[in-house]
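Each remark here refers to the structure printed beneath this line.
The values are calculated or read from the model by the stated rules, or taken from the named source; none is laboratory data. Everything numeric in this text was worked out from a predicted model, so none of it was measured. A quick note on method: Cβ atoms are made from the backbone with ideal geometry, for glycine too, and the neighbour counts reach across all protein chains shown. In case anyone asks, the SASA skips ligands and DNA or RNA and just uses the protein heavy atoms, side chains included. Shrake-Rupley method; radii C 1.70, N 1.55, O 1.52, S 1.80 Å.
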Amino acid sequence: MSETALRERRRRQTEREIGDAALDLFESRGVDRTTVDDIARAAGISPRTFFRYFPSKERAALVPHVDLDERVEALLQQLVPSRPLLDQLEEVWREVMLDFDNGRSESGRLLLRVRRLMQHEPALRLAAIGYDEERTDALVARLRDLVGIEDDLAPRVAVEAAGVAVRVALDRWAASREARRTTDLLETYAETCRLLRAAVER
């Protein structure tokens, strides 16, 4: 592994350690009663170092799982211009749902913790919306280059539509788990996609 790759992996590891500290504190104290100083102390870093990684305490809890991010990147690289983007994006997110293993994998457990917190913490949910918008913009730019067009309307519509299905499925799954009901994430996502398609085709 190159020195650049090693540095990037170390950076991602530090992000994850800070994120774990933030998530633990948010679960035990709540977002409002947790400060950046608290998170930095728990992660063994200075507040100044914290702000080199995150713009706010809420964003610290939204760090994607490193292995999952690499998995998504690999799936995105397989997209082809000749197929409908929405179909391909749904397939990408379905693979991601499989990796979550209904909350049993490491990335799935992490996701469930965050989504359950978001049910009760408006500040965290608001931060997640902002973060999703940033990631959406980046994905739209990637897809625009893939398709080879200057106008980003078509890829943006596909990304936003796919994102709606993902968010609705994750919210339904997390709320169900919070209520101690058994709900399968993959089945919930499949049904959400079906209903979205049915609504669009009316």
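Can you list the trypsin sites (Lys or Arg not before Pro) in segment 98-162 that are in a DSSP coil and have 15 or fewer other beta carbons within 10 angstrom?
Filter output for segment 98-162: R104.
State the answer as a single residue: which of A43, L85, I129 lies farthest towards the positive end of the charge dipole of segment 19-165, with beta carbon charges of +1 for Lys and Arg and -1 for Asp and Glu, about the Cα centre.
The residue sitting most towards the positive pole is A43.
When only DSSP loop residues count, what chymotrypsin sites (Phe, Trp or Tyr not before Pro) in segment 85-178 have their Cβ near at most 11 other Cβ atoms within 10 Å?
Filter output for segment 85-178: empty list.
Can you pull the one-decimal nm distance between simple spin-label points at E17 and T35, each 7 Å off the Cα toward Cβ?
2.3
From the Cα trace of segment 72-149, what convex hull volume per residue do you get, rounded to a whole Å³?
Enclosed volume per residue, from the Cα hull, is 96 Å³.
Quick one: Debye curve from the C-alpha atoms of the chain, no solvent, what's log10 I(q)/I(0) at q = 0.09, 0.15, 0.18 Å⁻¹?
Log10 I(q)/I(0), no solvent term: -0.38, -1.04, -1.36.
Could you work out what % of the accessible surface of the chain is carbon and sulfur, using a 1.4 angstrom probe and leaving DNA, RNA and ligands out of the count?
Answer for the chain is 51 percent, counting heavy atoms of protein chains only.
Quick one: Debye curve from the C-alpha atoms of segment 1-109, no solvent, what's log10 I(q)/I(0) at q = 0.14, 0.22 Å⁻¹?
Here log10 of I(q) over I(0) equals -0.71, -1.12.
What trypsin sites (Lys or Arg not before Pro) in segment 5-71 are in a loop by DSSP, with at most 16 other Cβ atoms within 10 Å of the Cβ?
Sparse-neighbourhood loop trypsin sites (Lys or Arg not before Pro): R33.
Determine the calculated [θ] at 222 nm for the chain from helices alone, applying -39500 (n - 2.57) to every DSSP H run no shorter than 4 residues and normalising by the residue count; nearest 500 deg cm²/dmol.
After summing the helix terms and dividing by the residues of the chain, the value is -25500 deg cm²/dmol.
Per-residue HN-Hα couplings for segment 143-160, Karplus 6.51 cos²θ - 1.76 cosθ + 1.60 at θ = phi - 60°, whole Hz, x for Gly and Pro?
For segment 143-160, the Karplus-derived couplings read 5, 4, 5, 4, 6, x, 10, 8, 7, 9, 4, 4, x, 5, 4, 5, 5, 5 Hz, x marking Gly and Pro.
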